[in-house]
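Chemist: Sharing a structure, written as C-alpha cells. Questions coming.
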Amino acid sequence: MSAADRGTIFLEKARVISQLAYDAEQFVLRVAAPKCAAHAQPGSFAHLTCDATIPMRRPLSIMRANPGAGWIEMLYKVVGPGLHALAARKAGDEVSVLGPIGRPFTPHPERPRPLLVGGGVGIPPMVFLAEALRADTRAAWQPLVLMGSEVPFPFRTRPSTIIVPGMPDGTIACMPLLEEWNLASRLASRSDFPGCYPGFVTELADAWLGTLKPAELADIEIFSCGPTAMLKVVAALVRRYNVPCQVSLEEFMACAVGGCAGCTVEVRTPEGPAMKRVCVDGPVFDAYAVF
C-alpha cells in the first residue's frame, strides 16, 4: 500500500446483511462495513475474502454505500470458484472486507449534464455516482444513466415516466431505483428485452449524443464502466463529440493495494507514457489518457 493510501483503506470483519439472487447468476450483496461505508466514493471498490478455503480476495465495485447505517452494497456475477463461494454466503455470515480502494469519479459542476454509461458488471459504479450526484448541491445536475446487458438486468425493469428528449422511439425501460430518485435512465440489450434499445449501450449513447446541439454538448461529461472493449468504443465516441470522459477500468487484481503491480496499464501523461496501477492509481482514469 502506498503512503498516500495509508489511513484511507480499512480492514473490517463485515457481517452479511442480505444476499439477493437474480437471473444469470447475478447477486446483490449487502454487508455491514461501517468504515468502508463512511469513506466510499463513486468508483471505489472493496476487496473481499470469498471463503476461508480460498486465499485470494476478489475486487467488487461498490454500488451503494450508506454511511449512516454502515453498509455497502455490491453487485456481482458468478465467474469462477471464488464468487461461487461468495454466492453461498447467507445473512449473518462474516466476510473480510478491505476497502474502500481506488480513485473515484470526479464530476465537474461546469458540466452539469453527466452521461453515465454502464455495461454488465460496470453498472454498479454508475448507480453509486448517480446517487452521489443526487445529493451534490454544487450544481443543478441532470444526469442520464444508460445501462446495457446481454443477460436479464439484476432488477425488474419498468417503463419510465421521465421523458428524455432525443431518445430513440420505443426505448422506455428504466431502472426502478433511479426512477424513484427522479433520475432518468434507459436500458439497452441485444437480447430483445421489452422497452430496451435493441443494440449495444454505446450505440444508444451515440444515438442520443447525436441529437444534441453544440451548446448542449458543452454541458456533457461522460462517465463509464464496463468491459475494456466497450470502454474503447466509449473513448472513440467522446473523441468524435469532443466531450470529457472518465472511465473505470476492469483488471485482474492480486493484492489490490498497489503492492504487486499486477494490474498495471499504460497511461499517457504530460511526461510521456507511464505504467499506472489500476487498483490505487485508478480504477478511474481519463479516457483520453488510456485509450
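All of the numbers you see were taken from the coordinates with simple rules; none came from a lab. Nothing here was measured: the structure is a model prediction, and the numbers come from that model. Glycine also receives a Cβ, built like all others from the backbone with ideal geometry; neighbour counts cover every protein chain displayed.
Chemist: List the GluC sites (Glu not before Pro) in the stretch 85-172 that DSSP assigns to loop (not H, G, I, E or B) and whose Cβ has at most 16 other Cβ atoms within 10 Å. Which are they? Show your work: numbers first, answer last.
Modeler: Numbers: sites: Glu94, Glu110, Glu131, Glu150; in loops: Glu110, Glu150.
Of the GluC sites (Glu not before Pro), the ones in loops of the stretch 85-172 whose Cβ has at most 16 other Cβ atoms within 10 Å are Glu110, Glu150.
Chemist: While we're looking at this one, here's another question. Using θ = phi - 60° and the Karplus form 6.51 cos²θ - 1.76 cosθ + 1.60, what ³J(HN,Hα) does each residue of the stretch 38-46 get, whole Hz, x for Gly and Pro?
Modeler: 6, 10, 5, 10, x, x, 5, 9, 10
Chemist: Shifting gears a bit: Label-point separation (nm) for Asn66 and Ser191, each offset 7 Å from Cα along Cα-to-Cβ?
Modeler: 2.8
Chemist: While we're here: Could you give me the ³J(HN,Hα) list for the stretch 152-163, computed from phi with Karplus coefficients 6.51, -1.76, 1.60 and θ = phi - 60°, whole Hz, x at Gly and Pro?
Modeler: With coefficients 6.51, -1.76 and 1.60, one gets x, 5, x, 6, 7, 6, 7, x, 7, 9, 9, 6 Hz.
Chemist: Same structure again: Could you calculate the FRET efficiency of Glu180 with Val151 from 1/(1 + (r/R0)^6), where r is the beta carbon distance between them and R0 is 25 Å, rounded to 0.05? Provide the component values of the computation, followed by the final result.
Modeler: Values: r = 23 Å, r/R0 = 0.94.
It comes to 0.60.
Chemist: Next question. Pick out the long, greasy-scoring helices in the chain: whole DSSP H runs spanning 15 Å or more along their own axis by Cα, mean Kyte-Doolittle at least -0.5.
Modeler: Details: long enough: 123-135 (19 Å, 1.17); 228-241 (20 Å, 0.90).
Correct list, ordered by number: 123-135, 228-241.
Chemist: Among all lysine pairs in the chain that are eight or more places apart or on different chains, how many have alpha carbons less than 19 angstrom apart? Please report the intermediate quantities before stating the final value.
Modeler: Values: Lys13/Lys35; Lys13/Lys90; Lys77/Lys90; Lys232/Lys276.
Lysine pairs satisfying the spacing and distance rule in the chain number 4.
Chemist: Rounded to the nearest 0.05, what FRET efficiency is calculated for Glu271 and Glu110 with R0 set to 30 Å and r the Cβ-Cβ distance? Let's see the in-between values first.
Modeler: Numbers: r = 27 Å, r/R0 = 0.89.
Taking R0 as 30 Å, the efficiency between Glu271 and Glu110 is 0.65.
Chemist: Fewest first, what order do Thr264, Thr53, Thr8 take by the number of other Cβ atoms within 10 Å?
Modeler: Least crowded to most crowded, the residues run Thr53, Thr8, Thr264.
Chemist: Label points 7 Å out from Cα along the Cβ direction at Cys260 and Leu11: separation in nm?
Modeler: It works out to 1.6 nm between the two label points.
Chemist: Which whole-Hz couplings ³J(HN,Hα) result when phi for each residue of the stretch 169-183 is put into the Karplus expression 6.51 cos²θ - 1.76 cosθ + 1.60, θ = phi - 60°, listed in order with x for Gly and Pro?
Modeler: 4, x, 8, 10, 5, 9, 8, x, 4, 5, 4, 5, 7, 6, 10
Chemist: How high is the FRET efficiency from Thr161 to Arg134, r the C-beta distance, R0 25 Å, rounded to 0.05? Intermediate values should be presented prior to the final figure.
Modeler: Details: r = 17 Å, r/R0 = 0.68.
My answer for the efficiency is 0.90.
Chemist: Now, a different point. For n ≥ 4 DSSP H runs only, could you compute -39500 (n - 2.57) per run for the chain, divide by its residues and tell me the 222 nm figure to the nearest 500? Walk me through the intermediate numbers first.
Modeler: Numbers: 8 runs with 63 residues, N = 291.
Calculated from helices alone, the mean residue ellipticity at 222 nm is -6000 deg cm²/dmol.
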